[in-house]
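Please treat every number below as a calculation from the coordinates, not as lab data. Since we're looking at a predicted model, the values are computed, not measured. Heads up, the Cβs are rebuilt from the backbone with ideal geometry, glycines too, and the neighbour counts pull from every protein chain shown.
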Amino acid sequence: MRDKPVVYIAGCMDAKADRTMTFMAKLELESRGFAVIDEYDLPRDKGLTQTEQQRFGYAALGVADIICFLPEWELVPGAVAERVRCRQWCRTAMEYDDLLRKTDQMQDFREECDDGHH
């Protein structure tokens, strides 16, 4: 059993992306007791193809307790694909602001899967 729930901050693998929002979200979530994996923890700049990098992202989706999507994730094709995969795999996925609010209010994080189960 883990000491802390693992949160994966989902997003794009765009090398030009602004890391500030991801970094600030990671700090905030860690301050609330989560262990955080973000896209910058994945093996970037290692000569992997986009498909190989995507496999690492999907592995993170598979091990995280909660997948967190930062604001405007729906504008990023990679994040949209991760969100679809979350529904297919029945992974708990939520937007960053909702995760903070639910954590503050100590609410349940579960959501419906494509098959109608939690």
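All C-alpha pair distances within region 55-102, sorted into 5 Å bins from zero, spread as 5, 22, 33, 26, 13, 2, 0 percent across the bins.
The trypsin sites (Lys or Arg not before Pro) of region 35-101 that meet both conditions, a loop assignment by DSSP and at most 15 other Cβ atoms within 10 Å of the site Cβ, are Arg44, Lys46. Spin-label model, Arg87 to Lys102: label points 7 Å out along the Cα-to-beta-carbon direction sit 1.6 nm apart. Normalised size of region 24-91, defined as Cα radius of gyration per 2.2 N^0.38 Å with N residues, equals 1.13. FRET efficiency for the pair Ser31 and Tyr58, taken as 1/(1 + (r/R0)^6) with r the Cβ-Cβ distance and R0 = 30 Å, rounds to 0.65.
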